[in-house]
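Following: one structure in structure tokens, then a few remarks.
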């Protein structure tokens, strides 16, 4: 499988400026309510044109880091109340040490595990035995020949089919956010391997599909609990790729 490390994409000059200013706001260089330096000062600092700078400032405003008010300058917002999770891939890339810690790792892991479990449980309420062949066929697309990005696209298809069966709008919306986040991480080159080895992936997901199609919600919960350490290891490898040290169970 061609799942080796990918080069992180080259980023444009405005994106570089955005990354620097995000980091400075995130780490306290600028506090909520502060005014950013003037466009002239910032353009001189970075050695760029004001047109390029304005592109960067527009991105920061769109993400919720600053507010642009004509005639009053650019005001720093409180990112804790204005910035969404969709910027995480960029923060992982530019300043991972500022956003990651063991408690945050546990929170991300718990949220992800909860979402996937709820999707499976919702599907188990409504699945029929005839759904099993279709789900297993989607699962069978995951082979050694599949590249990394296609592997995750196949994964998304499998869970979209489970969502179709479960017919739960809020879970569908939450999953859409998860997919967008995953695609951004892939595009940045931050996801470099599978969540766990392919044989184990098939073992886990075949068991889950069979439990769902049998309507066995207790079995789904038992399997998710059993394989949580495998999920943790996949997350731990991801954060290791970012240069962060997250303890394993054996180190606790």
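Percent of C-alpha pairs per 5 Å bin in region 146-198, short distances first: 4, 19, 27, 22, 16, 9, 2.
The relative contact order of region 13-83, computed from alpha carbon pairs under 8 Å that lie at least 6 residues apart in sequence, is 38 percent.
Projected label points at residue 72 and residue 45, each 7 Å from Cα along the beta carbon direction, are separated by 2.1 nanometres. Note: relative contact order over region 55-174, using C-alpha pairs below 8 Å and six or more positions apart, is 21 percent. Please identify, among 70, 172, 16, the residue showing maximal mean-square fluctuation in a Gaussian network model of the chain using a 10 angstrom Cα cutoff. Per the Cα network of the chain with a 10 Å cutoff, 70 tops the list. Relative contact order for the chain: 25 percent, from Cα pairs under 8 Å spaced at least 6 residues apart, divided by residue count.
Binning every alpha carbon pair distance of region 13-83 at 5 Å from zero, what are the percents per bin? Spelled out bin by bin, region 13-83 gives 4, 18, 32, 29, 14, 3, 0 percent. Estimated from helical segments only, the mean residue ellipticity of the chain at 222 nm is -20500 deg cm²/dmol, where each DSSP H run of four or more residues counts as -39500 (n - 2.57). Normalised by 2.2 N^0.38 Å, where N is the number of residues, the C-alpha radius of gyration of region 45-176 stands at 1.48. Using a Förster radius of 30 Å, what is the FRET efficiency between residue 81 and residue 106 based on their Cβ-Cβ separation? Nearest 0.05, please. Calculated value: 0.85.
Read the figures in this text as sums done on the coordinates, not as results from a lab. Values in this document were obtained by computation on a predicted structure and should not be read as measured data. Note: ideal-geometry Cβ built from the backbone for every residue, glycine included; neighbour counts use all protein chains shown.
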